Each structure stands twice: as C-alpha cells, then as structure tokens.
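The values are calculated or read from the model by the stated rules, or taken from the named source; none is laboratory data. Source: prediction; values computed, not measured. Cβ placement follows ideal geometry from the backbone for every residue including glycine, while neighbour counts extend to all protein chains displayed.
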Amino acid sequence: MSTKTIGKALLRNEDYRRLTGNGEYSDDTNLPNQAYAFFLRSPHAFAKIISIDASAALEKAGVLSFLTGQDWLNDGLASIPHSPVPSGGDGLGMDEEKWSQVYLGINYPLAPEKTRFVGEAVAMLVAETAEIAADAAELVKIEYEPLPSVTATEAAALDGAPQVWDESLGNVCLDTTFGDSDATEKAFATAHHITRMKFRITRNTGVPMEPRAGLGSFDAINGQYTLYAGGGGAVRYKKELIQIFGVEPDEIRVVTKDVGGNFGTRNRLFPEYPLVM
C-alpha cells in the first residue's frame, strides 16, 4: 500500500464540471412524458384522518392520479424500514434482548390513519405539470380530528402524556444504564460540591442546498423500477426499496449522481422516493 499521498494536499477533480454548470443533480434528470407529484401534508402534530375528498381536483384538466395511504396499503406495499439499532457496537449497556424490547414505529410514506408530526404526507397528487399539480392540490378537502400532542421531550416522558404509538407502553423509546453505578454514586456521595444543570437541546439537522427531488420510472418490458435521486449511497437505497416493494434485487435500480449536500440527512430514503416510483 502506497503512503505517498498521506498528508499531501490533493486536487479535487469534480470542481470544474460543477463550476461550469455541468453538474447533474436530481432535478436535472428528466424522462419523456414524465409527470409531477405534489404532496399534501398534515398541519397537525397529531391527528386522525377522518376523510379525504379529491373529487374536485380529479376533474381538473391535466390531473392524472390521486393516491392516499390507504391506496398504499391496498397495493400490499410495506412500511419504511427502520434500523436504529447500532451495528458497530453501541456502548450503551444494551444487549440483543434489550434491543428487541425497543418499539419501532410503523411508518408509511403516506399516513393511512393518523399523522404524527406536522408536515407528514397524507396524499400525493400527480399531474402533467408541477403547476397543475400544485393548483389542483388546493381543491382537495381533508378533514382531521386533532389529538392532544406534546412537543417537548420532557413532557412526552411524563405519565399520562399523549401517546404517539398505541402499540407501545409509552413514549420513552430507550432507558438504559451503563458504566459503574456504585462507583458513580460513591463519587457523588463524597463530593465536596455538586452542580446540577438542565440542558434543553433543540432538534438539529443538516440543511443541504439541494431540496428534496427524486424521479421514479418503471420499465414494463423488463419489469424494472428505477429511482434517480441524490443520496449517501445507492446500495442502501436499493436495499430499503427492495423491502418496501417486495421484489427481487434485479428489479430495483438506483441512480445517484451529484448531491447538493448531505451531512447524514440523505443517507436513508426520503418517503417521497418510493412514492414517485
């Protein structure tokens, strides 16, 4: 193995192409006769979906389709795969049995019955142009029954707090102890001074310059789905899409070109990606 490049400044080879306007991001990929999707999203942190009426929108010229979470279930498609369990050693005092007790919420690309956060997609409207799709979406009538909700982690952990998942025993996902408890308690018991502080940490996430964009296509001749979307790894996308669609590996193809920022936010599938497929 050569070590000549260690510690050396290496020239990037992608800058010229991008700086001269020749980058290829998700929205730069277009296919003949492609349609455009508009996603209708919940304005509530927690709510039941009572009814969705898209009859007026479907009468608008250029509107091709309207799909809900119930359509997703009717087609026999699976939920979004979750894998929160660390695979490289966790250091949290957990073992396989303890990890098995962690409840994994069942999320679908379109919420079929309840919405559990503001902005969760509940329906997808497809039209010939993005403008028609956006205009037609305003004609859709959605009735919600807002449910009590909490937005602070501390409040969500209290007894009697509104429960996000009925299938779970509570809102606390994981409570574990690791290290030497006896030594820790002894250190506090013999300490000359103890300082107590409460930290309130807001949610943080990377905000890439490139917005979400994805293009899906289906080749009826060879029965192959293709997703064009910038991301942190085509292999991971493909693995999760195989689980969602329940198909063989050679029936899923993922193309990822340039990515306008990641910071971990594009390492997993966005819900919109299987929806456009």
> Mind checking whether some residue in region 87-109 is assigned to a loop (DSSP other than H, G, I, E, B), touching a Lys or Arg at 6+ places or on another chain (Cβ under 7 Å), at pLDDT 85 or above and closer than 17 Å to Phe38 by Cα?
Replying inline: no
> Is one or more of the residues making up region 5-12 of a type in the set (Lys, Arg), modelled with pLDDT of 90 or more and loosely packed, with under 15 Cβ neighbours inside 10 Å?
Replying inline: no
> Of Phe188, Phe117, Phe178, which residue is among the hydrophobic types (A, V, I, L, M, F, W, C), farther than 30 Å from Phe66 by Cα and either touching a Pro at 6+ places or on another chain (Cβ under 9 Å) or in contact (Cβ under 8 Å) with a residue 24 or more places away in the chain (or both)?
Replying inline: Phe178
>> Going by what's in this entry, would Leu40 be described as part of a strand (DSSP E or B), in contact (Cβ under 8 Å) with a residue 24 or more places away in the chain and under 30 Å from Asp219 (Cβ atoms)?
In response: yes
> Just checking, how many residues over region 15-28 are assigned to a loop (DSSP other than H, G, I, E, B) and closer than 22 Å to Leu227 by Cβ?
Replying inline: 3
> What number of residues in region 240-268 are part of a helix (DSSP H, G or I) and either in contact (Cβ under 8 Å) with a residue 24 or more places away in the chain or in the same structural domain as Pro84 (by TED's automatic domain parsing) (or both)?
Replying inline: 7
>> Can you pull out every residue in region 59-85 that is in contact (Cβ under 8 Å) with a residue 60 or more places away in the chain and over 22 Å from Phe270 (Cα atoms)?
In response: Lys60, Ala61, Gly62, Val63, Leu64
> Hey, among Ile106, Ile132, Ile142, which residue is farther than 25 Å from Ala56 by Cβ and β-branched (Val, Ile, Thr)?
Replying inline: Ile106
>> Go through (1) within 16 Å of the chain's Cα centre (by Cα); (2) in a helix (DSSP H, G or I) for Arg203 and report which single condition fails.
In response: (2)
> Looking at (1) within 22 Å of Ser79 (Cα to Cα); (2) within 14 Å of the chain's Cα centre (by Cα), which is the only condition Pro211 fails?
Replying inline: (1)
